[in-house]
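Report on the structure given below.
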Amino acid sequence: MDFQYSEEQRLLADSAARFVRERYDFETRQRIAMGEAGFSAEHWAQMAEQGWLALPFAEADGGLGAGAVEMMIVMEALGRGLVVEPYLPTVVLAGGLVAACGNADQRAALLPAIAAGEIKAAFAHAEAAARYSPAFTACEARPAEGGGYVLTGAKSVVLGAPLADRLVVLARTGRKPGTAQGLSLFLVDPAADGVVVRGYPTTDGQRAGDVLLDGVRVGADAMLGPRGQGLAVAERVLDAATAMLCAEALGAMDAAVAMTREQLRTRTQFGRPIGEFQVLQHRLVDMTIAAEEARSLTIRAALMLDADEAERRAAVSAAKVTVGDRGRFIAAQAVQLHGGMGVSDDMAVGHYFKRLYMIEQLFGDAAYHRDRWHALQ
């Protein structure tokens, strides 16, 4: 694929790479990930100053009106630095939903604040029994006396939930789980009565939480978009988030390959660098090829986000399967070629291993996306 950045995109890529290189070294990342807050307010503010939090939103909503390629550039840099700030949950997921179907008042209340780094948000969609498919949402939103809705249910592994100032909740306003109709989106304050967020660190240094909704009362103005038509919007935004997650994986893969190349160059055995052994050279070449294969399909997925539904879904699923497979291969090779110390928490390569394995599971594993891709053929 012949794909070249424009001058503006190259400047964005240089800026993002410089941020990671100069402000987000491995020691800084570890300190942030292991801290009580789970993110750095200082770095979040710097991302806002760079304009990254405003990238995908329309200028009328306080954003920069950028496209998928610009978002991909930022996500790749964040993956290279293993950045733990909740960019994907806030900007791509929750922000994307508000931008896609929020009314003028909802967009005005939330999007400029997200762009300025003043609030963080999360999308509560996954459920334990749903097996990656939002159509199987069981969380209910029943009409309340006097207007509004009452939300009851549980959401699992909500990315960024412990840090969120707002939640976007996918809930059923009609039909039964498994049907495409009857799903709606709601804005929920995590501090509201009946909301419990049980936060925890994930194995890759991120923060997630289980969200319990026990008779949570929301007004009619909390609904995002038309009643019962939330599934199509949720799936479109989840596809965009999956493509951006693949872009993050590209950065992590490139970093793992670079670390392994340096390890082969500097570690000696039998009086010479181990990189001189041909069998290890071949393994490094295989890692490099795997990263490039993942890159090609990720770029295609990003470029297809505005295509019709079937083409978009097929491109995203193809990318997710390839990124998951190649990412696990690169992670395993990187750890093996570092020897026993590759699994130590003191070495960065082990953390890339954890993140790449986690990425393979998020928003649908390889089996889920293979089935989805075959269903579209």
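The values are calculated or read from the model by the stated rules, or taken from the named source; none is laboratory data. Quick caveat, the model's predicted, so the values are computed rather than measured. Here Cβ is always computed from backbone atoms with ideal geometry, including for glycine, and neighbour counts include all displayed protein chains. Quick note on the areas: whole protein, heavy atoms, side chains included, nothing else; ligands and nucleic acids left out. Shrake-Rupley method; radii C 1.70, N 1.55, O 1.52, S 1.80 Å.
Below, the figures for the structure above:
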{"quantity": "Test: residue 130 is open to solvent by less than 60 Å² (accessible area, probe 1.4 Å) and modelled with pLDDT under 95", "calculated": "yes"}
{"quantity": "Matching residues in the stretch 359-377 - criterion: being buried (at least 17 other Cβ atoms within 10 Å of the Cβ) and out of contact with any Phe, Trp or Tyr (no Cβ under 8 Å at 6 or more places or on another chain)", "calculated": "359, 360, 362, 366, 369, 372, 373"}
{"quantity": "Unique match (being aliphatic (A, V, I, L, M), at pLDDT 95 or above and over 16 Å from the mean Cα position of the chain (by Cα)) among 97, 88, 110, 78", "calculated": "110"}
{"quantity": "Flag for residue 98 being closer than 13 Å to residue 112 by Cα and buried (at least 23 other Cβ atoms within 10 Å of the Cβ)", "calculated": "yes"}
{"quantity": "One residue from 82, 97, 64 being within 16 Å of residue 207 (Cα to Cα) and among the aliphatic types (A, V, I, L, M)", "calculated": "82"}
{"quantity": "Sole exception among (1) over 16 Å from residue 79 (Cβ atoms); (2) part of a helix (DSSP H, G or I); (3) open to solvent by less than 30 Å² (accessible area, probe 1.4 Å) for residue 288, by number", "calculated": "(3)"}
{"quantity": "Conditions (1) touching a Gly at 6+ places or on another chain (Cβ under 9 Å); (2) farther than 30 Å from residue 367 by Cβ: number failed by residue 165", "calculated": "(1)"}
{"quantity": "Pick from the stretch 179-225, criterion under 19 Å from the mean Cα position of the chain (by Cα) and open to solvent by 20 Å² or more (accessible area, probe 1.4 Å), ranking: farthest from residue 109 (Cα to Cα)", "calculated": "203"}
{"quantity": "Any hit, the stretch 31-41, residues being closer than 18 Å to residue 95 by Cβ, small (Gly, Ala, Ser) and surrounded by fewer than 16 Cβ atoms within 10 Å (Cβ to Cβ)", "calculated": "no"}
{"quantity": "Qualifying position, being modelled with pLDDT under 95 and either open to solvent by less than 50 Å² (accessible area, probe 1.4 Å) or among the β-branched types (Val, Ile, Thr) (or both), among 280, 305", "calculated": "280"}
{"quantity": "Elements of type helices (runs of 4 or more DSSP H) contained in the stretch 4-50, each with 2 or more residues being farther than 15 Å from residue 86 by Cα, free of Cβ contacts under 8 Å to residues at least 40 places away in the same chain and of a type in the set (Lys, Arg)", "calculated": "7-23"}
{"quantity": "Check on residue 21, basic (Lys, Arg) and under 19 Å from the mean Cα position of the chain (by Cα)", "calculated": "no"}
{"quantity": "Looking only at the stretch 133-157, and only at residues there that are among the hydrophobic types (A, V, I, L, M, F, W, C) and either in contact with a Phe, Trp or Tyr (Cβ under 6 Å, 6 or more places away or on another chain) or free of Cβ contacts under 8 Å to residues at least 40 places away in the same chain (or both), the one that is surrounded by the fewest Cβ atoms within 10 Å (Cβ to Cβ)", "calculated": "138"}
{"quantity": "Any chance residue 275 is at pLDDT 95 or above, open to solvent by less than 50 Å² (accessible area, probe 1.4 Å), part of a helix (DSSP H, G or I) and not hydrophobic (A, V, I, L, M, F, W, C)", "calculated": "no"}
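Here's the yes/no breakdown for (1) out of contact with any Gly (no Cβ under 7 Å at 6 or more places or on another chain); (2) in a helix (DSSP H, G or I):
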position: 306; (1), (2): yes, no
position: 311; (1), (2): yes, yes
position: 316; (1), (2): yes, yes
position: 320; (1), (2): no, yes
position: 324; (1), (2): yes, yes
position: 329; (1), (2): yes, yes
position: 333; (1), (2): yes, yes
position: 363; (1), (2): yes, no
position: 368; (1), (2): yes, yes
